Amino acid sequence: MELKFIEKESYLIISIEGKLDSFNAQQVYAKVEEKIKNSNSDIIFDLSNLEYMTSAGLQVLLMASKNRNSKGKLTYIYKPQRIVDYVLKVTGFYAFLKKIDNMPL
């Protein structure tokens, strides 16, 4: 699993590659939380190279989304792979996360 943070204009792009599961979600959660706690940017989760995600990974997205909402900001999902997209659909996460196919930069 690889995690990258890129700041562009009013966006924080968080790229997650590999698998996001119970083995690494707590580590990812801690890094994301540290990066966004003082940020005033909208978040874009780039999931184009995320192969697999469990409920532990969903918690990372939920935490980030709640943090952004409390600051009047948005959380986006960029190009999730088919299985990740399916998980986000069936769990209802697209009710509060906006899926985008193009980076708004």
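The values are calculated or read from the model by the stated rules, or taken from the named source; none is laboratory data. From a predicted model like this one, the values you see are computed outputs, not experimental measurements. Positions of Cβ are generated from backbone atoms using ideal geometry, with glycine treated the same way; all protein chains shown enter the neighbour counts.
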> Among strands (runs of 3 or more DSSP E) lying entirely in segment 18-105, which contain 3 or more residues that are of a type in the set (Ser, Thr, Tyr) and surrounded by 15 or more Cβ atoms within 10 Å (Cβ to Cβ)?
Replying inline: 75-78
>> With the requirement that a residue be out of contact with any strand residue (DSSP E or B) (no Cβ under 6 Å at 6 or more places or on another chain) and aliphatic (A, V, I, L, M), what does segment 88-98 give you?
In response: LEU88, VAL90, ALA95
>> Return the pair list, or none, for Cβ contacts closer than 9 Å from residues in segment 17-37 that are over 21 Å from ILE83 (Cα atoms) to residues that are crowded, with 18+ Cβ neighbours inside 10 Å and of a type in the set (Lys, Arg), at least 6 apart or on different chains.
In response: ILE36/ARG68
> Taking segment 56-98 only, how many residues are without any contact (Cβ under 8 Å) to a residue 12 or more places away in the chain and among the small types (Gly, Ala, Ser)?
Replying inline: 4
> Just one of SER48, SER39, SER10 is modelled with pLDDT of 95 or more and among the hydroxyl-bearing types (Ser, Thr, Tyr); which is it?
Replying inline: SER48
